[in-house]
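Here's the structure, in structure tokens; my notes come after.
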Amino acid sequence: MSDTARLEYDGTSYDLPVVEGTEHELGIDITKLRAESGLITLDPGYGNTGSCTSAVTFIDGEQGILRYRGIPIEELAEKSSFIEAAWLVIFGTLPTQADRDRFTSILTEHSMLDENMKKHFDGYPTNAHPMAILSAMINTLSAHDPEVWETKDDESIERAAAVLMSKVRTIAAAAYKSSVGEPIVYPRYDLRYAENFLHMMFSKPYKDYEPTPAVSRALNLFLLLHADHEQNCSTSTVRMVASSQANMFASCSAGVCALWGPLHGGANVAVIEMLEQIRDGGTSVEEFMRKVKNKEDGVKLMGFGHRVYRNFDPRSKILRKAADDMLTELNIQDPLLDIAGELAEVALADDYFVERKLYPNVDFYSGIILRAMGIPLNMFTVMFAIGRMPGWIANWKEIHDDPKGRIYRPRQIYTGPVDQHWIPRDQRG
Ligand code: ACO
């Protein structure tokens with residue numbers, strides 16, 4: 001296998017180094033191409049651009065493989081927890097008992113918000129979207145905690161990471177409480193990560209919420225499965241902001257904004273809306289599928305297909321089982337799950353989907369799990385953000401720790417007008 005690629009242009013040839021990853025992925029290094037030839041590469045949407053090398057997460061979309069720091073997602077889902085997986089994603093190894101104890105104690109210690117921060121919640125209108133509150137409040141956290149501007153070593157990064165992961169959960173629950181006009185609930189120090197979130201979401205001043213083990217397990221799993229997914233839109237955003245040496249909180253707040261878009265974090269909402277439409281509109285699964293295949297009015301089978309996975313999204317298999325288990329254990333009969341099951345059965349046997357390699361993605365089942373937990377639709381993307389925080393932090397850390405790091409600054413091919421001049425206002429057509 002050659003370690004250079006040759007590009008010919010205008011009678012000159014350029015040798016470009018080929019870089020190989022640990023999973024034998026190959027990339028052509030074009031960093032010197034412009035200096036040598038005046039050419040840049042053009043790839044709108046970055047569909048074929050490696051923006052970095054990264055040691056956090058590996059995906060093989062053809063084979064449906066997802067690994068955090070080399071460990072298959074299936075193994076972590078079965079044996080690990082969100083917090084352990086978060087530490088693995090951020091620091092690169094499974095935590096020792098001492099690491100685990102230290103990280104957990106920082107998480108617990110920092111679960112409460114500064115009392116002054118509560119005033120900010122009062123300033124948002126009722127029904128403010130919780131993603132707007134979440135991104136703004138993460139930035140506000142950095143105003144309250146200037147220590148995070150000076151993360152120099154792993155110890156200070158660990159502290160900042162635990163503070164952020166802990167407080168994000170409290171902010172998310174508080175954003176929800178404000179949006180429904182209920183008092184903010186304080187965290188409890190005896191509860192674990194997922195349970196504490198559910199407590200702050202659903203406890204009321206007159207009644208504590210006690211999650212069942214099935215619900216806690218499913219939430220833990222949901223968060224673990226969302227912990228990282230290599231260079232997606234929000235993670236790339238976090239890296240872009242981090243490359244200017246912005247602090248961890250500011251960078252992750254930008255990640256929340258990127259995740260908010262319906263093409264990224266909003267798909268699990270679209271799945272539930274699609275299932276509700278089928279249920280309420282009285283459309284049969286067959287009729288709906290006919291519309292999808294005829295591309296009528298742009299109708300798509302939401303929760304199917306993925307830019308990277310051309311096979312089963314491994315997360316969807318795990319979540320499907322978790323959804324089944326949770327609904328059985330809680331004895332919930334959800335007609336939406338029946339519709340989802342029928343849609344999946346029809347799609348997986350249909351040539352349209354088979355030929356295009358369209359399989360259920362993580363969002364197909366995550367919406368059902370969140371709905372069964374009682375999480376309202378406008379909080380779905382917030383839940384994704386809580387889960388994705390370790391991945392954003394890990395990618396921020398890679399940028400932070402890179403001694404050769406440079407600010408991200410892509411180039412462009414300019415297509416606007418050339419050589420124009422300013423015209424006085426009264427002479428403009
Ligand atoms: N329903 C029906 N047809 C589909 C679907 C779908 N869900 N997804 C893709 N197709 C069709 C396309 O129309 C295209 O058809 P054509 O060849 O006749 O033109 C073909 O399958 C190939 O699709 P691509 O264009 O290669 O898909 P792309 O990679 O651009 O998009 C995406 C991927 C956005 C996820 C798409 O599959 C989709 O819109 N799915 C539904 C939304 C969704 O579930 N998004 C969540 C993604 S996971 C995540 O973000 C966490």
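The values are calculated or read from the model by the stated rules, or taken from the named source; none is laboratory data. Values in this document were obtained by computation on a predicted structure and should not be read as measured data. Cβ atoms come from the backbone with ideal geometry, glycine included; neighbour counts cover every protein chain shown. The accessibility values were calculated without ligands, DNA or RNA, using every heavy atom of the protein model including side chains. Shrake-Rupley method; radii C 1.70, N 1.55, O 1.52, S 1.80 Å.
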For this session: May I ask you to say which residue of Ile375, Ile369 is more than 10 Å from the ligand (Cβ to nearest atom), out of contact with any Leu (no Cβ under 8 Å at 6 or more places or on another chain) and under 28 Å from Asp228 (Cβ atoms)?
Result: Ile375
Seminar exercise, completed: From the option list Ala349, Ala385, single residue qualifying as of a type in the set (Gly, Ala, Ser), within 16 Å of the ligand (Cβ to nearest atom) and free of Cβ contacts under 8 Å to residues at least 24 places away in the same chain is Ala349
For this session: Mind checking which strands (runs of 3 or more DSSP E) fall wholly inside the stretch 1-59 and carry at least 2 residues that are surrounded by fewer than 13 Cβ atoms within 10 Å (Cβ to Cβ) and touching a His at 6+ places or on another chain (Cβ under 9 Å)?
Result: none
Problem set entry | When residues of the stretch 303-338 are limited to those that are farther than 23 Å from Asn220 by Cβ and away from the ligand (no atom under 16 Å from the Cβ), the one modelled with the lowest pLDDT | Gln333
Exercise. Can you name every residue in the stretch 251-264 that is surrounded by fewer than 20 Cβ atoms within 10 Å (Cβ to Cβ) and either touching a residue at least 12 places away in the same chain (Cβ under 8 Å) or touching a Ser or Thr at 6+ places or on another chain (Cβ under 8 Å) (or both)?
Worked result: Cys257, Gly261, Leu263, His264
Exercise. Among (1) of a type outside the set (Val, Ile, Thr); (2) under 26 Å from His129 (Cα atoms); (3) in contact with a Ser or Thr (Cβ under 9 Å, 6 or more places away or on another chain); (4) open to solvent by 10 Å² or more (accessible area, probe 1.4 Å), which single condition is Glu329 missing?
Worked result: (2)
Exercise. Mind checking whether some residue in the stretch 389-409 is within 11 Å of the ligand (Cβ to nearest atom), among the basic types (Lys, Arg), within 22 Å of Ile83 (Cα to Cα) and not in a loop (DSSP other than H, G, I, E, B)?
Worked result: no
Seminar exercise, completed: Residue pairs qualifying under the 7 Å Cβ cut-off, at least six apart or on distinct chains, with the first in the stretch 395-421 being open to solvent by less than 100 Å² (accessible area, probe 1.4 Å) and the second being basic (Lys, Arg), are Asn395/Arg239; Ile399/Arg239; Tyr408/Arg239
For this session: Please find, within the stretch 226-240, the residue that is farthest from the ligand (Cβ to nearest atom) out of those that are surrounded by fewer than 24 Cβ atoms within 10 Å (Cβ to Cβ) and of a type in the set (A, V, I, L, M, F, W, C).
Result: Met240
Problem set entry | Which numbered condition Arg67 fails, given (1) part of a strand (DSSP E or B); (2) touching a helix residue (DSSP H, G or I) at 6+ places or on another chain (Cβ under 9 Å); (3) surrounded by fewer than 17 Cβ atoms within 10 Å (Cβ to Cβ) | (3)
For this session: Considering (1) open to solvent by 70 Å² or more (accessible area, probe 1.4 Å); (2) free of Cβ contacts under 8 Å to residues at least 60 places away in the same chain; (3) not in a helix (DSSP H, G or I); (4) not aromatic (Phe, Trp, Tyr), say which one Met112 fails and leave the rest.
Result: (2)
Exercise. Tell me, which residue of the stretch 282-296 that is in contact with a Phe, Trp or Tyr (Cβ under 9 Å, 6 or more places away or on another chain) and over 14 Å from Glu342 (Cα atoms) is nearest to the ligand (Cβ to nearest atom)?
Worked result: Val292
Exercise. Looking at Val362, is it surrounded by 14 or more Cβ atoms within 10 Å (Cβ to Cβ), more than 9 Å from the ligand (Cβ to nearest atom) and of a type outside the set (D, E, K, R)?
Worked result: no
Problem set entry | Near pairs, Cβ below 6 angstrom, 6+ apart or cross-chain, from the stretch 24-42 (within 11 Å of Tyr14 (Cα to Cα) and charged (D, E, K, R)) to any residue that is modelled with pLDDT of 95 or more and surrounded by 13 or more Cβ atoms within 10 Å (Cβ to Cβ) | Arg34/Ile40; Glu36/Tyr14
